[in-house]
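The values are calculated or read from the model by the stated rules, or taken from the named source; none is laboratory data. These numbers come from a predicted model, not from an experiment. Virtual Cβ from ideal backbone geometry, glycine too; neighbours counted across all protein chains shown. Please note that ligands, DNA and RNA were not included when accessible areas were found on the heavy atoms of the full protein model with its side chains. Shrake-Rupley method; radii C 1.70, N 1.55, O 1.52, S 1.80 Å.
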Amino acid sequence: MNALVQEIANSQLKSDLPAFKAGDRVTVSYKIKEGNKERIQQFQGDVLQRRNGGMAETFTVRKISNGIGVERIFPLNSPMIDKITVDRKGKVRRARIFYLRKQIGKSARIKERRG
């Protein structure tokens, strides 16, 4: 039974996702349903972490909107995600960069990874 469940879960995984990790700036195009209409909203920010694996994998994106930090957790394999684009690669030394929550201004910047 477990092999069958694993096979079904592997068939549901998305294969067209770019390689990104914590510290990268990404733009997530997310489908939003309002009544019977559907539109695409973009959420651009820095990836704080990637978590779990397989079907349960999620990633957290943080942005500053009108001086207030906004974080959103996206399921990586969600059918509501239209596309993910990596805008710039960040140079960080940790897999989870929650220290950005305490920093403001220039200290909250992430250096760009070259190459």
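So between D16 and E112, what do we pick up on full extension, going 0.36 nm a residue minus the alpha carbon distance?
32.2 nm
Please find the FRET efficiency linking N36 to R72, where r is the Cβ-Cβ separation and R0 is fixed at 25 Å, and quote it to the nearest 0.05.
Here the calculated transfer efficiency is 0.55.
In the stretch 52-89, whose amide N lies under 17 Å from the spot 7 Å out along Cα-to-Cβ of S29? List them in ranges.
Zone members listed by number: 77-88.
What is the list of residues in the stretch 1-31 whose amide nitrogen lies under 17 Å from a point 7 angstrom out from the Cα of T58, following Cα to Cβ?
The answer is 22.
Whole Å is fine, so just give me how far the alpha carbon centre of the stretch 1-19 lies from that of the stretch 52-107.
Taking the Cα centre of each part, the stretch 1-19 and the stretch 52-107 sit 23 Å apart.
When the Kirkwood radius is taken over all Cα pairs of the stretch 5-101, what Stokes-Einstein diffusion coefficient follows at 4 °C and 1.567 mPa s, in µm²/s?
The Stokes-Einstein estimate is 90 µm²/s.
For the chain, find the longest principal axis of its Cα atoms and tell me its angle to the long axis of helix 2-12, 0 to 90°, nearest 10.
Around 60 degrees separate the two axes.
Keeping every protein chain present and rolling a 1.4 Å probe, give me the accessible area per residue for the stretch 45-86 in Å².
51
What's the carbon and sulfur percent of the stretch 51-113's accessible surface, probe 1.4 angstrom, rounded to a whole number?
Solvent-exposed carbon and sulfur of the stretch 51-113 make up 49 percent of the total.
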